[in-house]
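What follows is one structure encoded as structure tokens, with my remarks underneath.
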Amino acid sequence: MIKSVLIFNQLGKPRLIKFYEQIGTTLQQEILREIHALVAKRPDTLCNFLEGCHSMGSDSRIVYRHYATLYFVFVVDSSESELGILDLIQVFVEALDRMFENVCELDLIFHFDEIHYILMEVVEAGMVIETNLAEISRAVNEGKQLIKPASEHSRLGIGALRGFV
């Protein structure tokens, strides 16, 4: 099971935090600091797996990829395949690239809602539900089409109310 998905920059500033277990915010921040300390000091020539995050339990494993200025980190239990999770990180990053055309840190900051939606298409409740990039893109685009008319109707409603005031 996937316990959490974290994206942070080289300074440890979180850009996405998603926990699939109920954890308090102070413990979440402690976990983020601990993982950043472990991952940021490792050279890119070492493998992308780490045993255990003390705050997440003894059976936790950290699987991560470093892209430019961002670290994509999945904390998983011992039942998950590290290579499978590395592939999942690649799928997630490629899905982000499809939506934002060469995703960067600013995309994660200004479009956090879309990032969470893409992640929800890939992982739900700590379980992988989709790895096909075409299906992920299709679902995200359908979601955008549903949101677009709703926002247009709300603008019309607000504008109409202003005319009566």
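The values are calculated or read from the model by the stated rules, or taken from the named source; none is laboratory data. Just so you know, these numbers come straight off a predicted model, no measurement behind them. Every residue, glycine among them, receives a Cβ derived from its backbone with ideal geometry; neighbour counts consider all protein chains shown. These area figures cover heavy atoms from the full protein model, side chains too; ligands, DNA and RNA do not enter into them. Shrake-Rupley method; radii C 1.70, N 1.55, O 1.52, S 1.80 Å.
When the range 1-40 is limited to residues that are under 20 Å from GLU82 (Cα atoms) and of a type in the set (Lys, Arg), the one that is most open to solvent (accessible area, probe 1.4 Å) turns out to be LYS18.
Can you spot a residue in the range 133-147 that is surrounded by 15 or more Cβ atoms within 10 Å (Cβ to Cβ), in contact (Cβ under 8 Å) with a residue 40 or more places away in the chain and closer than 23 Å to GLN22 by Cα? Looking for residues that are surrounded by 15 or more Cβ atoms within 10 Å (Cβ to Cβ), in contact (Cβ under 8 Å) with a residue 40 or more places away in the chain and closer than 23 Å to GLN22 by Cα, one finds none in the range 133-147, hence no. Pick from GLU94, GLU80: which is of a type outside the set (Phe, Trp, Tyr), under 29 Å from ARG138 (Cβ atoms) and surrounded by fewer than 16 Cβ atoms within 10 Å (Cβ to Cβ)? Criteria check complete, one pass: GLU94. From the list ASP59, ASP87, ASP97, which one is at pLDDT 95 or above and out of contact with any strand residue (DSSP E or B) (no Cβ under 7 Å at 6 or more places or on another chain)? Only one candidate qualifies: ASP87. Scanning the range 65-82 for residues that are within 17 Å of VAL123 (Cβ to Cβ) and either outside any strand (DSSP E or B) or more than 12 Å from the chain's Cα centre (by Cα) (or both) yields ARG65, VAL76, ASP77, SER79, GLU80, SER81, GLU82.
Would it be correct to say that TYR67 is under 19 Å from HIS116 (Cα atoms), modelled with pLDDT of 90 or more and surrounded by fewer than 19 Cβ atoms within 10 Å (Cβ to Cβ)? It is true that TYR67 is under 19 Å from HIS116 (Cα atoms), modelled with pLDDT of 90 or more and surrounded by fewer than 19 Cβ atoms within 10 Å (Cβ to Cβ). What are the residues in the range 97-119 that are buried (at least 16 other Cβ atoms within 10 Å of the Cβ), assigned to a helix (DSSP H, G or I) and of a type in the set (A, V, I, L, M), if any? Within the range 97-119, MET99, LEU108, ILE115, ILE118, LEU119 qualify. Restricting attention to the range 1-59, the residues that are assigned to a strand (DSSP E or B), of a type in the set (D, E, K, R) and touching a residue at least 60 places away in the same chain (Cβ under 8 Å) add up to 3. Listed by first and then second residue, the pairs with beta-carbon distance under 9 Å, at least 6 apart or on different chains, first residue in the range 102-116 and under 17 Å from HIS66 (Cα atoms), second outside any helix (DSSP H, G or I) and among the hydroxyl-bearing types (Ser, Thr, Tyr), are VAL103/TYR67; CYS104/THR69; GLU105/THR69.
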